[in-house]
Amino acid sequence: MINPKLINPQSIVVIGASNDVQKPGGKVLKNLLGSSFKGEIMAVNPKETEVQGVRCYSKVEELPQVDCAILGIAAKYCPHTVRVLAQEKGTGGFIILSAGFSEENEVGAALEKEIVETINSVNGTLIGPNCTGYLNTNYCGNFAEPVPPLDPHGVDFITGSGATAVFITEHGITNGLKFNSVWSVGNSAQTGIEEVLEHLDLTFDPVKSSRVIMLYMENVGNPHKLLKHAVSLYNKGCRIAAIKSGGSAAGSRAASSHTGALATSDVAVEALFRKAGIVRCANREELTTVCSIFMHPEVKGKNVAVITHAGGPAVMLTDTLSNNGMEVPPIEGEAADRLLSKLFAGSSVGNPIDFLATGTAEQLGYIIDACNDDFDHIDAMAVIFGSPGLFPNWDVYELLHEKMKTSKKPIFPILPSIINVKDEIHDFIHNKGRINFPEECVFGNALAKIVNTPKPQPLQFEGPKIDVKAIRSVIDQAENGYLGLAEIAALMDAAGIARKEEKEVRSEQEAIEAANKIGYPLVMKVVGPVHKSDVGGVVLNVKDLDTVKKEFNRLIQIPETYAVEICKMYQGTEIFIGASREDKFGHQVLFGLGGIFIEVLKDVQAAIVPVSQPEARSLINNLRGYKILEGVRGQKPVNLDIYSEIIARVSALVQAAPEIAEMDLNPLLGTPEYVIAVDARIRVEK
């Protein structure tokens with residue numbers, strides 16, 4: 001838990017305070033003095049007796065008891081200072097702005113570790129080190145500017161980068177976004193993004209707490225904690241948007257399975273965010289736009305009325321919405337005709353609703369009322385209204401402001417004339433407390449991303465029944481590396497995954513006996529080489545004994561081959577399921593079109609374990625090749641209920657056997673009657 005002396009201290013000391021406000025110790029004191037903090041403020045600087053009008057002590061030992069300390073001194077002096085504060089001065093909140101810790105070298109890492117141990121010993125909370133600080137509606141302990149407008153129902157912003165926080169905050173402030181708190185966690189030596197999210201979850205108050213959370217992440221330190229508390233917050237009515245920057249080097253690693261090559265850390269992040277209901281954003285502008293949309297009433301559907309007095313922006317917004325799964329549906333009928341009669345000649349209401357450059361505030365009011373009361377299929381309104389500089393827009397923005405108070409449906413103001421009517425827009429943002437979306441396509445993409453992000457998946461559910469005891473028996477006896485056919489068969493049977501009947505043979509006579517027992521047509525494959533097709537190690541549709549003999553003698557001579565697998569040949573659409581264990585994230589399950597197409601198309605979906613059958617079924621719908629699975633041009637469809645059930649069974653298997661590092665079922669053959677695995681590879685890494 002976050003120590004309350006950090007959140008709401010009664011006294012704060014700035015260590016390294018300065019009269020020079022171009023230094024962090026000077027600027028943080030200036031910002032603190034300019035904030036709403038009503039408690040006692042102290043300073044420590046051996047060269048001063050007073051700093052910016054605040055009493056200054058020469059050393060930390062001279063201080064009285066103090067709740068929260070902000071340190072802006074050299075790293076080497078921090079451990080001693082923290083020790084005195086924690087053990088003698090009753091300090092529970094620590095903000096260390098200083099750099100020179102684990103981000104720099106091993107010496108700095110040791111200093112950081114010592115500090116964390118001291119703070120932990122008194123159940124204190126550390127923000128940083130190497131950060132810009134922390135601020136909330138109680139006080140500003142942040143040296144960066146600008147200090148955003150603070151509102152208890154503004155955004156809670158948690159960031160791993162102080163500089164990025166400045167740029168994101170600036171962009172948000174410019175368009176009217178307000179903040180409740182800004183947590184710049186720096187090195188996250190003790191308290192990282194996940195811990196802050198946990199705090200927001202555990203202390204959530206349905207009346208007082210913010211409902212919008214913004215994250216900027218360069219690392220996901222604890223994916224499972226993030227998932228748990230993000231889902232919990234979502235279920236309490238919060239919405240979360242996040243940037244996760246930095247592609248992982250795992251994306252280019254050499255992997256011995258298709259799953260291993262495809263299951264990069266970034267794929268895991270995407271799966272994690274989707275499972276948690278977090279809207280993943282690509283850049284600062286998109287992040288602040290998504291959070292700004294979250295500050296408005298929720299959009300309940302995909303149908304948007306585009307209301308405009310300028311044709312071009314309306315067309316571009318319509319294109320953006322339509323191309324991203326949203327709808328700008330036609331508006332027609334008697335109610336549409338009544339609305340049109342109230343507008344100037346030449347106006348159109350078909351959607352976009354264009355009431356021309358000469359349109360008035362009164363006419364905009366008619367349009368908004370009609371969208372609320374007469375057009376039931378409309379879920380939200382986007383109002384584009386700028387100015388060529390000929391006349392002011394005060395009355396229009398006043399009307400927008402008033403209509404937004406009473407509208408049954410969300411209204412999003414897109415006010416692009418940030419120079420021509422800058423005074424009106426400044427009033428709209430700063431005096432009326434509204435948010436502007438100055439660029440229609442940025443808004444359209446952000447809205448679509450929100451609507452298209454699925455709700456979180458349940459984290460607790462009853463999975464398929466599997467034989468855990470049998471699975472553990474195989475895994476406990478297995479050595480590291482790839483499992484043999486018998487071990488794979490035992491695992492699949494225990495997990496309830498349908499598989500082909502196969503026989504591993506090492507002589508021509510064994511091949512003959514296996515063929516006679518299984519029956520024709522057959523498939524023959526090498527055992528040993530990783531990519532069988534690449535070495536000519538797969539023979540399909542073997543129909544007679546002579547071919548069995550000839551192909552066995554050819555296959556067994558392929559380098560690295562130590563046996564030949566013989567099995568019945570099945571028909572069906574080739575599909576794929578795999579699992580991969582990723583550092584920190586645990587296992588993820590990937591699935592899509594199989595065979596060689598997985599390498600060419602890479603049309604896969606990924607889900608963090610545990611994966612339920614309903615979650616798997618919904619993700620199958622997102623495959624680009626979904627129509628192939630449904631059956632096209634006379635091709636039989638794949639039984640998607642069975643397919644999704646097997647995905648859930650693979651999830652249950654790797655939960656029971658976390659030692660499975662990589663697993664490929666490629667291909668499975670799917671028909672309306674069955675989905676059966678005809679090739680499998682499982683690698684164990686204990």
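The values are calculated or read from the model by the stated rules, or taken from the named source; none is laboratory data. All figures in this text were calculated on a predicted structure; none of them were measured in a lab. Here the Cβ positions follow ideal geometry from the backbone for every residue, glycine too, while neighbour counts run over all protein chains shown.
Quick notes on this one:
- Subset tally (residues that are among the hydrophobic types (A, V, I, L, M, F, W, C), farther than 25 Å from residue 112 by Cα and in contact with a Phe, Trp or Tyr (Cβ under 8 Å, 6 or more places away or on another chain)) for region 35-84: 1
- Hits in region 591-615 (condition: assigned to a helix (DSSP H, G or I) and farther than 13 Å from residue 274 by Cβ): 597, 598, 599, 600, 601, 613, 614
- Of all residues in region 23-61, those being among the small types (Gly, Ala, Ser), within 41 Å of the chain's Cα centre (by Cα) and under 17 Å from residue 74 (Cα atoms) number 3.
- Screening the candidates 196, 182 for the property of being within 16 Å of residue 136 (Cβ to Cβ), free of Cβ contacts under 8 Å to residues at least 60 places away in the same chain and of a type in the set (Val, Ile, Thr) yields one hit, 182.
- Residue 339 vs. criteria under 40 Å from the mean Cα position of the chain (by Cα), assigned to a helix (DSSP H, G or I) and at pLDDT 95 or above: no
- Residue within region 321-343 that is without any contact (Cβ under 8 Å) to a residue 24 or more places away in the chain, surrounded by 14 or more Cβ atoms within 10 Å (Cβ to Cβ) and within 26 Å of residue 449 (Cα to Cα) present: yes
- Residues that are within 18 Å of residue 594 (Cα to Cα), of a type in the set (A, V, I, L, M) and under 28 Å from the mean Cα position of the chain (by Cα), drawn from region 630-657: 640, 646, 647, 648, 650
- Within region 73-103, being more than 36 Å from the chain's Cα centre (by Cα) and at positive phi holds for one residue alone: 90.
- Any hit, region 84-93, residues being closer than 21 Å to residue 182 by Cα and assigned to a strand (DSSP E or B): yes
- Among residues of region 124-138, those that are surrounded by fewer than 24 Cβ atoms within 10 Å (Cβ to Cβ) and either within 18 Å of residue 35 (Cα to Cα) or within 23 Å of the chain's Cα centre (by Cα) (or both), counted: 3
- Residue that is crowded, with 16+ Cβ neighbours inside 10 Å, in contact with a Leu (Cβ under 7 Å, 6 or more places away or on another chain) and touching a residue at least 40 places away in the same chain (Cβ under 8 Å), where the choices are 382, 370: 382
Residues are listed down the side, and each one gets a yes or a no for (1) in a helix (DSSP H, G or I); (2) over 27 Å from residue 98 (Cβ atoms):
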| position | (1), (2) |
| --- | --- |
| 177 | no, yes |
| 182 | no, no |
| 188 | no, no |
| 194 | yes, no |
| 198 | yes, no |
| 201 | yes, yes |
| 206 | no, yes |
| 210 | no, yes |
| 216 | no, no |
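- Subset of region 392-440 (residues that are in a loop (DSSP other than H, G, I, E, B), of a type in the set (Lys, Arg) and either buried (at least 21 other Cβ atoms within 10 Å of the Cβ) or touching a strand residue (DSSP E or B) at 6+ places or on another chain (Cβ under 9 Å) (or both)): 409, 434
- Inside region 377-430, residues that are over 23 Å from residue 442 (Cβ atoms) and under 32 Å from the mean Cα position of the chain (by Cα) make up a count of 3.
- Condition broken by residue 628, with the remaining ones in (1) in a helix (DSSP H, G or I); (2) touching a residue at least 60 places away in the same chain (Cβ under 8 Å) satisfied: (2)
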